[in-house]
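Here is the structure we will look at.
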Amino acid sequence: MVEWLERLEQRSQPSLIMAGLGILVVIGIVDYLTGFEMQFSVFYLLGVGLAAWFVGRGFGLVMSALSVLVWIGGDVAAGARYSNPLIVVWNAVILMAFYFIVVWLLSSLRSFHRELEATVRQRTQALTLEMTERQRLEEEILRVSERERRSIGHDLHDSLCQHLTGTALAGQVLGERLAAKSLPEAADAEKVVGLVEEGITLARNLARGLYPLDVEAQGLMDAFGDLSVSITRTGRTRCVFECPAPVLIHDDAAATHLYRIAQEAVRNALQHGKPTRVGITLTELAGLVTLTVEDDGVGLPEAAERKDGLGIRIMAHRAAIISGSFAVEPGPTGGTIVTCSIPAS
């Protein structure tokens, strides 16, 4: 029924007018053949309703008048006789009023329906524009965030680390001078140099965490390797990176988002799962590059708690930006599995 109405909506007004007149003729012929003793006036509403709904109120009124004339003419032609001509007029007026009420109701309903459709289209268009703008702003925020991370990472590596390296060298020179004079402060100078060198290592690790990827295609694999090493060095959790075959990512944005997803998944695992092992796997198969982060921790938090998790939403959004699929599932033997797949191209 709905498909039939949609097809009629696509027809031109002249064809609909011809269809309405054709229906009127067919019903009039059937009314004549059945005789005047059988009331057939209600079936004329089919043509009247078609005219009022699809063409307009004016043509609906015309069809109402024509239907009354055809109905009365058919009955008279079939042998109906009236003792008083006013009876025919009365019946025609009553039937005409009934048809007019139907036409008014249908045309008003049709007008309301069209206004509602127009409102829905406008709201849908506005919502689509708002969603598009929101997605653009979110992507821009992520781009700005990555740009600032890179800037801070470069500053840490090129400025702070160099400054600390110079300080360590100066401390070494001072320690050597103190040792040459056999002064006890030489040991304190060596401790200061050791602390500065630890600061250099911390600054470099921070710089690598803020901007871990090189411009080369294999930079993502190297970054995952460094991430697993840095996690393992903490001593609390062993982190292993596995890549059975080289996976080269030539799109810097895709590589950055994949790294951030892995970084956030590992952080969530360490914070909520309390695992003893975290595995990062990068594979390419059947045109898809798949990143998997799996841990042996306590598993996913409660659904109500996980629903408001900002980290999961950010990871899912990053996956959507690079046209990837994202899933967070419980592991078969416990723990959590985070998976992100993107087209290899």
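Any read-out appearing in this document is the output of simple, stated calculations on the displayed coordinates, not a laboratory observation. It should be emphasised that the depicted structure is a prediction, and the values quoted were computed from it without experimental measurement. Every residue, glycine among them, receives a Cβ derived from its backbone with ideal geometry; neighbour counts consider all protein chains shown.
Quick notes
- Radius of gyration (Cα atoms) of the stretch 78-144, expressed as a multiple of 2.2 N^0.38 Å: 2.58.
- Radius ratio Rg over Rh of the stretch 215-343, counting only Cα atoms, Kirkwood formula for Rh: 0.95
- Net charge of Cβ neighbours under 14 Å - reference G79; Lys, Arg +1; Asp, Glu -1: -2
- Along the chain, counting only GluC sites (Glu not before Pro) with a DSSP assignment other than H, G, I, E or B and at most 10 other Cβ atoms inside a 10 Å radius, the longest segment between sites is 38-301.
- Couplings 3J(HN,Hα) for the stretch 181-189, derived from phi with the Karplus relation 6.51 cos²θ - 1.76 cosθ + 1.60 (θ = phi - 60°), are 8, 6, 8, x, 5, 4, 5, 5, 5 Hz, where x marks Gly and Pro.
- Zero-based 20 Å bins, Cα pair distances in the chain, whole percents: 21, 27, 17, 18, 11, 4, 1, 0
- Rounded tilt (10° steps) of 310-321 against the dominant C-alpha axis of the chain: 70
- Dimensionless Rg ratio for the stretch 27-179, taking C-alpha atoms and the 2.2 N^0.38 Å reference: 2.81
- Spacing of the modelled spin labels on V173 and L127, each 7 Å from Cα toward Cβ, amounts to 7.0 nm.
- Rounded to 10°, Cα long-axis angle of helix 252-268 versus longest principal axis of the chain: 80
- A crude spin-label estimate for the pair T232 and E37, with each label 7 Å from Cα along the Cβ direction, gives 10.2 nm.
- Length added when fully stretched, R11-R81, from 0.36 nm per residue minus Cα-Cα: 21.0 nm
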